[in-house]
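Colleague: Attaching a single structure in C-alpha coordinates format; questions to follow.
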Amino acid sequence: MALSTASNFARPDDAFRAIVEAHRGLSDEQSADFDAALVLILANHIGDIDVLHEAIALAKRRVIDAQQQQQQQQQ
(Lines give C-alpha, C1' and ligand atoms only; values in the text may rest on other atoms or scores of the structure.)
Protein backbone atom coordinates (compact mmCIF):
# COMPACT_ATOMS: atom_id res chain seq x y z
CA MET A 1 0.00 0.00 0.00
CA ALA A 2 1.35 3.44 -0.91
CA LEU A 3 0.91 6.51 1.27
CA SER A 4 -2.14 8.47 0.16
CA THR A 5 -1.67 12.23 0.51
CA ALA A 6 -4.82 13.25 -1.33
CA SER A 7 -7.87 13.94 0.81
CA ASN A 8 -9.92 10.80 1.34
CA PHE A 9 -12.70 12.67 3.11
CA ALA A 10 -15.88 13.70 1.35
CA ARG A 11 -15.87 16.74 3.66
CA PRO A 12 -12.24 17.42 4.69
CA ASP A 13 -13.19 20.55 6.65
CA ASP A 14 -15.38 18.39 8.91
CA ALA A 15 -12.44 16.07 9.60
CA PHE A 16 -10.18 19.03 10.43
CA ARG A 17 -12.87 20.56 12.63
CA ALA A 18 -13.34 17.27 14.52
CA ILE A 19 -9.64 17.14 15.35
CA VAL A 20 -9.55 20.79 16.42
CA GLU A 21 -12.66 20.33 18.57
CA ALA A 22 -11.15 17.26 20.24
CA HIS A 23 -8.40 19.53 21.62
CA ARG A 24 -10.87 21.99 23.12
CA GLY A 25 -10.64 22.11 26.90
CA LEU A 26 -7.35 20.20 27.04
CA SER A 27 -4.18 21.61 28.54
CA ASP A 28 -1.09 21.84 26.32
CA GLU A 29 0.22 18.64 27.89
CA GLN A 30 -3.09 16.83 27.42
CA SER A 31 -3.28 18.09 23.85
CA ALA A 32 0.20 16.70 23.09
CA ASP A 33 -0.76 13.39 24.73
CA PHE A 34 -3.97 13.29 22.70
CA ASP A 35 -2.03 13.87 19.46
CA ALA A 36 0.40 11.08 20.32
CA ALA A 37 -2.44 8.68 21.18
CA LEU A 38 -4.31 9.52 17.98
CA VAL A 39 -1.19 9.01 15.86
CA LEU A 40 -0.53 5.60 17.45
CA ILE A 41 -4.16 4.50 17.03
CA LEU A 42 -4.21 5.53 13.36
CA ALA A 43 -0.75 4.04 12.69
CA ASN A 44 -1.99 0.74 14.10
CA HIS A 45 -5.10 0.97 11.92
CA ILE A 46 -2.91 1.43 8.84
CA GLY A 47 -0.79 -1.53 9.90
CA ASP A 48 1.87 -1.10 7.20
CA ILE A 49 5.38 -0.25 8.39
CA ASP A 50 6.47 1.02 4.96
CA VAL A 51 3.56 3.45 4.81
CA LEU A 52 4.31 4.51 8.38
CA HIS A 53 7.96 5.23 7.49
CA GLU A 54 6.84 7.24 4.45
CA ALA A 55 4.33 9.21 6.54
CA ILE A 56 6.96 9.94 9.21
CA ALA A 57 9.40 11.23 6.60
CA LEU A 58 6.73 13.41 4.98
CA ALA A 59 5.56 14.86 8.28
CA LYS A 60 9.11 15.61 9.36
CA ARG A 61 9.88 17.26 6.02
CA ARG A 62 6.74 19.43 6.28
CA VAL A 63 7.62 20.54 9.82
CA ILE A 64 11.18 21.43 8.81
CA ASP A 65 10.02 23.24 5.66
CA ALA A 66 7.45 25.24 7.64
CA GLN A 67 10.07 26.20 10.22
CA GLN A 68 12.48 27.31 7.50
CA GLN A 69 9.79 29.41 5.80
CA GLN A 70 8.93 31.02 9.12
CA GLN A 71 12.59 31.88 9.73
CA GLN A 72 12.90 33.40 6.24
CA GLN A 73 9.83 35.56 6.81
CA GLN A 74 11.30 36.87 10.07
CA GLN A 75 14.49 38.05 8.31
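The values are calculated or read from the model by the stated rules, or taken from the named source; none is laboratory data. Treat the numbers as computed from the prediction; the structure is a model and nothing was measured. All Cβ positions, even for glycine, are placed from backbone atoms using ideal geometry, and neighbour counts span all protein chains on display. Surface accessibility is based on the protein's heavy atoms, side chains included, excluding ligands, DNA and RNA. Shrake-Rupley method; radii C 1.70, N 1.55, O 1.52, S 1.80 Å.
Colleague: Taking the Cα centre of the chain as origin and charging only Cβ (+1 Lys, Arg; -1 Asp, Glu), how large is the dipole, in debye to the nearest 20?
Modeller: 220
Colleague: Over the alpha-carbon set of the chain, divide Rg by the Kirkwood Rh and report the Rg/Rh ratio to two decimals.
Modeller: That ratio equals 1.01.
Colleague: Turning to a different aspect of this structure: Which length gain, in nm to one decimal place, applies between residue 14 and residue 49 when the Cα-Cα distance is subtracted from 0.36 nm times their residue separation?
Modeller: Computed gain between residue 14 and residue 49 is 9.8 nm.
Colleague: Still on this model: Using a 1.4 angstrom probe on heavy atoms only, work out the carbon and sulfur share of the accessible area of the chain in %.
Modeller: Looking at the chain in its full context, I get 55 percent from C and S.
Colleague: With every protein chain present, what is the per residue accessible area of the chain (1.4 Å probe, Å²)?
Modeller: Ligands and nucleic acids excluded, the figure is 88 Å² per residue.
Colleague: Ok, one more. What is the range 1-41 by shape, rounded, prolate or oblate, if you read a ≥ b ≥ c off the alpha carbon gyration tensor as root eigenvalues and call it rounded for a/c under 1.5, prolate for a/b larger than b/c, and oblate otherwise? List each step's numbers first, then the result.
Modeller: Working: a/c = 4.02, a/b = 1.54, b/c = 2.62.
Oblate shape, in that a/c is at least 1.5 and b/c is the bigger or equal ratio.
Colleague: Give me the net charge of residue 26's neighbourhood, meaning all other residues with Cβ under 15 Å from the Cβ of residue 26; Lys, Arg count +1, Asp, Glu -1.
Modeller: -4
Colleague: Using helices alone, what [θ] at 222 nm do you get for the chain, with -39,500 (n - 2.57) per DSSP H run of 4 or more residues, divided over all residues and rounded to the nearest 500?
Modeller: Only helices count here, giving -26000 deg cm²/dmol.
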